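Reviewing the structure listed below.
The values are calculated or read from the model by the stated rules, or taken from the named source; none is laboratory data. This is a predicted model, so every value here is computed, not measured. No Cβ is skipped: glycine too gets one built from the backbone with ideal geometry, and neighbour counts run over all protein chains shown. Just the protein is used for accessible areas: all its heavy atoms, side chains included, with ligands, DNA and RNA removed. Shrake-Rupley method; radii C 1.70, N 1.55, O 1.52, S 1.80 Å.
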Amino acid sequence: MVDSAKLPPNGLSYKQAGVDIDAGNALVEAIKPAVKSTRRPGADGEIGGFGGLFDLKAAGFADPVLVAANDGVGTKLRIAIDAGVNDTVGIDLVAMCVNDIVVQGAEPLFFLDYFATGALDVAQGTAIVNGIAEGCRQAGCALLGGETAEMPGMYHGDDYDLAGFAVGAAERGTLLPRADIAAGDTLVAIASSGVHSNGYSLVRKIVDMSGLGWSDPAPFAPSQSLGEALLAPTKIYVKPVLASLRAGLGIKALAHITGGGFQENIPRVLPKHLAASVDLDAIVPPKVFGWLARQGGIETTEMLRTFNCGVGMLVAIASDDAEKLISLLAEHGETGTIVGTLTERTGDPVRFSGTLAL
């Protein structure tokens with residue numbers, strides 16, 4: 001039986017239970033300009049409907065195969081929340097999805113986000129979605145819609161979580177890896193912008209051991225706070241990779257170096273008879289990786305299976321086209337480096353030589 005003495009004078013409301021519908025509506029209005037800025041051929045609708053529409057014909061596809069990916073930002077969000085820096089993790093969210101799409105030779109077309117929090121803060125939510133929109137602009141895909149979930153009792157304080165969903169397309173017969181990938185193909189590394197969005201449980205453990213706070217100067221980048229430096233957003237490789245594919249270069253396969261590092265991600269795009277031979281001397285890791293390795297006493301093998309160590313993407317390409325690819329990447333502001341070759345597999349699918357300069 002309900003005790004009427006405990007009820008508010010005018011009855012209980014959803015807001016009193018912790019969900020503010022007006023704040024949700026305010027967020028939708030606040031993010032409309034950012035969402036509108038991501039429009040592209042095929043996506044011209046307004047947000048706020050029950051679903052987003054995309055016209056593949058208007059996007060220029062004749063016989064498309066769809067490619068979908070979803071991901072999150074992981075415990076990098078913990079740093080963003082604790083450091084109060086929420087305007088870049090949206091870029092990470094988009095990057096982790098669209099980079100997985102473009103390595104299959106597909107063009108990312110649209111993106112949807114899921115943002116869950118305990119109590120909606122419109123300023124925080126707007127900063128997050130503005131970052132998502134920036135990521136979509138970098139990837140050339142439309143922010144087609146999303147979901148904001150206010151969930152009191154599930155999340156506390158400033159805590160929130162993000163998930164992203166992207167769909168791309170490629171013309172039938174153009175997907176990667178190609179069937180003609182072979183021993184003798186060259187491996188070209190495309191440089192990363194830092195830690196990107198995996199391995200952050202280990203990163204946070206190391207920071208905790210160091211005794212440093214997020215507002216302290218970063219030992220590897222003294223002009224930035226540690227929080228800002230570790231929140232450097234994941235690089236989005238869509239436009240330079242699509243340009244390279246459309247240039248007709250002999251790209252056979254692409255690997256996105258994320259969780260699991262080199263050992264887990266490279267074999268995902270290789271047939272069982274091929275192995276990757278990687279020269280660690282050719283890789284120049286950003287300073288953050290040297291600091292993490294020294295501060296945490298982490299062995300090189302563990303670094304290579306946890307972090308990208310400076311390689312965000314690895315390209316298997318016909319050897320005659322490797323230098324052309326590096327030149328084209330440079331035109332798009334990216335650094336490409338020859339780091340190895342494909343060989344016949346006689347043991348492990350990834351073999352290392354040289355020393356990683358940590």
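If I ask for residues that are in a helix (DSSP H, G or I) and in contact (Cβ under 8 Å) with a residue 24 or more places away in the chain, which ones from the range 236-264 would you list?
Residues satisfying the conditions are V238, K239, P240, V241, L242, A243, S244, L245, G261, F262, Q263, E264.
Could you grab me the full set of residues in the range 275-286 that are in a strand (DSSP E or B) and crowded, with 20+ Cβ neighbours inside 10 Å?
A275, A276, V278
Out of the residues in the range 217-244 that are of a type outside the set (D, E, K, R) and either at pLDDT below 95 or open to solvent by 50 Å² or more (accessible area, probe 1.4 Å) (or both), state the one that is nearest to C141 (Cα to Cα).
Q224
Would you please name the residue that is farthest from L292 (Cα to Cα), looking only at residues in the range 203-216 that are open to solvent by 30 Å² or more (accessible area, probe 1.4 Å) and either of a type in the set (V, I, T) or out of contact with any helix residue (DSSP H, G or I) (no Cβ under 6 Å at 6 or more places or on another chain) (or both)?
Applying the filter and picking the extreme gives S215.
Looking at the range 42-95, which of its residues are surrounded by fewer than 17 Cβ atoms within 10 Å (Cβ to Cβ) and touching a Leu at 6+ places or on another chain (Cβ under 7 Å)?
G45, V65
Checking the condition closer than 16 Å to T186 by Cα, part of a helix (DSSP H, G or I) and open to solvent by 30 Å² or more (accessible area, probe 1.4 Å), which residue from P267, P271 passes?
P267
Do we find that T300 is in contact (Cβ under 8 Å) with a residue 12 or more places away in the chain, in contact with a Phe, Trp or Tyr (Cβ under 9 Å, 6 or more places away or on another chain) and hydroxyl-bearing (S, T, Y) in this structure?
The answer is yes for T300.
I'm trying to understand the selection: among the residues of the range 298-343, which are open to solvent by less than 10 Å² (accessible area, probe 1.4 Å) and in contact with a Lys or Arg (Cβ under 9 Å, 6 or more places away or on another chain)?
Matches in the range 298-343: G312, M313, V315, A316, I317, L342.
Can you confirm whether the range 73-96 contains a residue that is on the phi < 0 side of the Ramachandran plot, in a strand (DSSP E or B) and modelled with pLDDT of 95 or more?
no
I need a count of the residues in the range 186-195 that are more than 16 Å from G227 (Cβ to Cβ) and either touching a Leu at 6+ places or on another chain (Cβ under 7 Å) or of a type outside the set (S, T, N, Q) (or both).
So the count comes out to 5.
Under 9 Å between Cβ atoms, which residue pairs at least 6 apart in sequence (or on different chains) link something in the range 172-196 that is acidic (D, E) with a partner that is assigned to a strand (DSSP E or B)?
From residues that are acidic (D, E), the pairs are D180/K252; D185/K252; D185/A253; D185/L274; D185/A316; D185/I317; D185/T341; D185/L342.
Pick out, from the range 104-192, the strands (runs of 3 or more DSSP E) lying fully within it that include 3 or more residues that are open to solvent by 10 Å² or more (accessible area, probe 1.4 Å). Break it down into steps so the answer makes sense when it comes.
On the way: elements: 107-117, 142-150, 160-171, 186-191.
Per the criteria, 107-117, 142-150, 160-171.
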